[in-house]
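Throughout, read-outs are computed from the coordinates displayed, never taken from laboratory work. Predicted model, so just to flag it, every value in this text is computed and none were measured. Please note: Cβ atoms are built from the backbone with ideal geometry, for glycine as well, and neighbour counts cover all protein chains shown.
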Amino acid sequence: MATSIDTLPLLKNGEEYLSQSKKTLKGIHGENLLDVAVAPEIHVRMALPINKASFHTLQSIPIDDIIDIFCEAGKIFTQDMLINGISTSLDEWSELITLSTGMPIRYVENALNMIPHIFTKQQLRRLLRANSPTGKLAIFDDYVGVRGSTRFGWSPRGMNVGVGLPGNHPAVSLLGTLIPLFKVPAIIRASSSEPFTSFRICKALWEAGLPHESLFHFVTDHSTVDTIVRQSDLGIIFGNEWILKAYENNSKIKTYGPGRSKVLLEIEDMSPTHFDLAVELTYQSIHYDGGRGCINSSGVVYNSPHMYEEFKEKLANKLASLEPLDPMNPRAEIPAMDPDGARGMYKFIKSRMTGKINNLTADIRGEENFLHIEDNLAYLMPTLLEVDEDHSMRTDEYPFSFGVICRPDDYLVEELVEDTLSLSYLTDNPSNARRLLNIPSIKKVFVNDQSFKMDIAAPHEGHMCDFLYGSKASNYDGINNILKPKEY
């Protein structure tokens with residue numbers, strides 16, 4: 001057992017709360033890990049006005065004091081934490097996340113250790129400056145800025161945010177739990193499969209002095225997520241295309257969907273150094289953190305006149321060389337799943353593999369089967385498929401190290417890299433990246449770097465404050481506004 005606590009509580013009104021409704025969280029080995037308290041909808045509806053009412057309290061705290069609270073929370077996050085009166089360590093938390101999600105322990109530990117490094121004064125100030133329309137922190141206190149010679153007001157678009165988090169990666173919790181840093185209250189609805197990271201951040205923020213009513217942490221039934229997102233002044237939700245369809249064209253709700261991140265290779269002079277770098281960056285883009293992230297590449301477009309056969313063979317060899325190990329093994333690199341869920345996903349992927357398709361990793365492994373089951377754990381083995389540019393699988397994306405490679409023929413390269421969250425552009429002529437920056441449906445462009453590049457201060461489908469705040473016309477000048485009689 002990874003921890004001695006038997007129930008993960010809710011966090012509301014400054015207290016841990018054990019609701020009558022609970023869900024038993026199963027581990028990937030089929031064991032019972034612990035119970036998770038589930039908030040009924042009435043608790044959510046009661047929390048909404050309390051959360052919104054804390055808006056003025058949070059807005060009145062100087063931004064430097066907010067930064068200090070987050071810095072202290074970063075320290076508390078790493079220390080043993082009392083939950084239900086029982087001390088739990090960060091190592092225990094890492095084990096729980098791995099046993100619940102199947103994500104290899106090394107990746108979980110990396111993600112959790114990243115949080116206290118982000119919650120430092122230097123990093124938080126850098127994050128806030130990047131989100132400020134003036135590049136300065138004063139606007140978070142004064143709500144007044146100047147760009148060019150024009151003065152403007154700047155204020156929140158709502159009094160709270162309801163966030164529905166996914167469970168694919170621990171680091172995604174930051175997109176919700178950082179919202180109070182921008183002086184806007186939040187209700188966090190965590191994934192029932194990975195509520196641990198966001199819970200620990202929220203509790204650390206409470207203990208560091210963040211107003212309790214400004215941050216709630218719930219696990220709920222799926223039907224209650226809609227209440228949190230729609231009934232808050234602003235909403236953030238992650239999901240597949242079907243879920244996001246329900247919230248399209250709603251300017252009050254920000255959606256994060258499939259990434260369909262890609263690698264575009266355009267190297268004219270393919271030297272040995274260029275070749276090795278291109279293979280390594282593509283491999284890392286596909287496989288980093290086990291392929292669980294929306295910024296992991298799931299597509300490769302090879303638009304170079306040379307060494308295509310050598311490239312795809314070497315990339316497939318690297319992916320096929322990875323071995324399935326229990327995710328608690330510190331050498332494990334492939335996420336594990338429960339066998340039933342893995343069989344269902346495998347069956348679906350195989351049903352998509354029709355028409356002209358070449359399973360490059362299968363050729364190396366010597367078998368078409370990429371589902372491996374051992375010791376009651378299932379692994380979807382890293383897979384690289386070669387297809388024509390018009391194959392329906394060219395834009396497929398799955399939560400493991402999966403990639404599809406193609407070469408342009410009838411299509412323009414720009415058409416093949418549309419609808420991409422993160423694009424790794426490998427080139428010996430970096431100036432060509434300008435045309436990719438001008439494609440609206442490409443959200444990130446990294447030149448000669450992996451697609452799985454995450455900087456908390458960089459835009460992730462826009463800066464967070466682009467959604468949280470808005471500009472308005474005003475001649476207000478803070479304390480410099482002194483009432484003067486008009487002269488006629």
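Near Leu215, the amide H atoms lying under 5 Å from its own belong to Ala186; only residues 5 or more places off or on other chains count, and H is placed 1.01 Å from N. Between amide H atoms placed 1.01 Å from N, distances below 5 Å from Met103 occur with Ala336, all of them 5 or more places distant or on a separate chain.
Angle of helix 308-320 to the longest C-alpha principal axis of the chain, folded into 0 to 90 degrees and rounded to 10: 70°. For Leu99, neighbours were defined as the other residues whose beta-carbon sits under 10 Å from its Cβ, and their charges (Lys and Arg +1, Asp and Glu -1) total -1.
Only beta bridges with both residues in the range 261-447 are counted; by DSSP, about 25 percent of them are antiparallel.
By other beta-carbon atoms within 10 Å, ranking Thr220, Thr427 with the fewest at the front produces Thr427, Thr220. Helix 90-101 and the longest principal axis of the Cα set of the chain meet at an angle near 60°. Cβ crowding within 10 Å ranks Ser94, Ser474, Ser19 as Ser474, Ser19, Ser94, fewest other Cβ atoms first. Once you sort the root eigenvalues of the Cα gyration tensor of the range 1-77 as a ≥ b ≥ c, which label holds: rounded (a/c under 1.5), prolate (a/b larger than b/c) or oblate (the other case)? Verdict is oblate for the range 1-77.
State the label only: which of (1) 1.06; (2) 0.95; (3) 1.00 corresponds to Rg/Rh (Cα atoms, Kirkwood Rh) computed from the shown model? Computed from these coordinates, Rg/Rh (Cα atoms, Kirkwood Rh) corresponds to label (3). Summarising the strand pairing of the chain, around 40 percent of its internal DSSP beta bridges are antiparallel. The mean sequence distance of close C-alpha pairs (under 8 Å, at least 6 residues apart), as a share of the length of the chain, puts its relative contact order at 17 percent.
Neighbour counts of C-beta atoms inside 10 Å place Ser191, Ser223 in the sequence Ser223, Ser191, starting with the fewest.
Any idea what angle helix 41-53 forms with the longest principal axis of the chain, computed on alpha-carbon atoms, 0 to 90 degrees, nearest 10? For helix 41-53, the angle is close to 60 degrees. Ordering of 172-185, 41-54 by packing is 172-185, 41-54, highest average first (other Cβ atoms within 10 Å, averaged per residue). Extension gain, Asn250-Arg151: 0.36 nm per intervening residue step, less the Cα-Cα distance, totals 32.7 nm.
The Cβ shell under 12 Å around Leu127 holds other residues with a net charge of +3, Lys and Arg each +1, Asp and Glu each -1.
With K and R counted +1 and D and E -1, the other residues having a Cβ less than 14 Å from that of Lys26 yield a net charge of -3. Each residue of the range 356-369 was assigned a 3J(HN,Hα) from its phi angle through the Karplus curve 6.51 cos²θ - 1.76 cosθ + 1.60 (θ = phi - 60°); the sequence is 7, 8, 10, 7, 5, 6, 5, 4, 7, 6, x, 8, 6, 5 Hz, with glycine and proline shown as x. Please work out the Cα center distance from the range 173-219 to the range 381-423, rounded to the nearest Å. The two parts, judged by their Cα centres, are 36 Å apart. The Asp6 and Arg434 beta-carbon pair, evaluated with R₀ = 41 Å, returns a calculated FRET efficiency of approximately 0.10.
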